[in-house]
Amino acid sequence: KSMIATAYAKNKYYGTTYWCSAAGPGKLAESLRVIMKDDLKMVDVSQDTTTAKLYEMFRTLLGKTIGWLLVIDGVTEVADMIDDDSDISLLPNDPKGDIIVTTQQAANRILPLACRIKIEGLT
């Protein structure tokens, strides 16, 4: 699944690609923290920034830009993309880019509106 997402990202033009690991507790928030602090040089992001605030800031960023790809790799539950304390979702309501979520779960368990792509044997 991750290799397919990588191939997709390379074969289609995107102004920016954000790749976030969600393979484990707290991994998604940590991936966002690194992207926002190190890659995007957002000075208001620190180790103390809450998950809800990270999600809110990233959604705002995605809402202001077009032509991006967000890959959320290794999601096990939809709850991985929603902050438990505030119910704030990472996913924008009106995306101006594309979102790929890789998971081993059935697509309808992760995102009710997701489009499932069945992949036959890879070589």
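The values are calculated or read from the model by the stated rules, or taken from the named source; none is laboratory data. Predicted model only: the values in this text are computed from it and were never measured. Note that we place each Cβ from the backbone using ideal geometry, even for glycine, and neighbour counts take in every protein chain shown. All accessible areas refer to the heavy atoms of the entire protein, side chains included, with ligands and DNA or RNA removed. Shrake-Rupley method; radii C 1.70, N 1.55, O 1.52, S 1.80 Å.
Miscellaneous remarks
- Given (1) assigned to a loop (DSSP other than H, G, I, E, B); (2) open to solvent by less than 20 Å² (accessible area, probe 1.4 Å), index of the condition Met42 fails: (2)
- Among the residues of this structure, Asp85 counts as one that is at pLDDT below 75 and more than 25 Å from Met3 (Cα to Cα).
- Qualifying residue in the range 75-82 (condition: among the β-branched types (Val, Ile, Thr), at pLDDT below 85 and assigned to a loop (DSSP other than H, G, I, E, B)): yes
- Only residues that are touching a residue at least 24 places away in the same chain (Cβ under 8 Å) and part of a loop (DSSP other than H, G, I, E, B) were counted across the range 45-62, and they come to 1.
- The lone criterion from (1) assigned to a loop (DSSP other than H, G, I, E, B); (2) at pLDDT 90 or above; (3) hydrophobic (A, V, I, L, M, F, W, C) left unmet by Val34 is number (1).
- Scanning the range 1-22 for residues that are among the hydrophobic types (A, V, I, L, M, F, W, C) and either assigned to a helix (DSSP H, G or I) or exposed (fewer than 15 other Cβ atoms within 10 Å of the Cβ) (or both) gives Met3, Ile4, Ala5, Ala7, Ala9.
- Residues located in the range 95-109, provided they are modelled with pLDDT under 80 and either part of a loop (DSSP other than H, G, I, E, B) or more than 13 Å from the chain's Cα centre (by Cα) (or both): Gln104, Gln105, Ala106, Ala107, Asn108, Arg109
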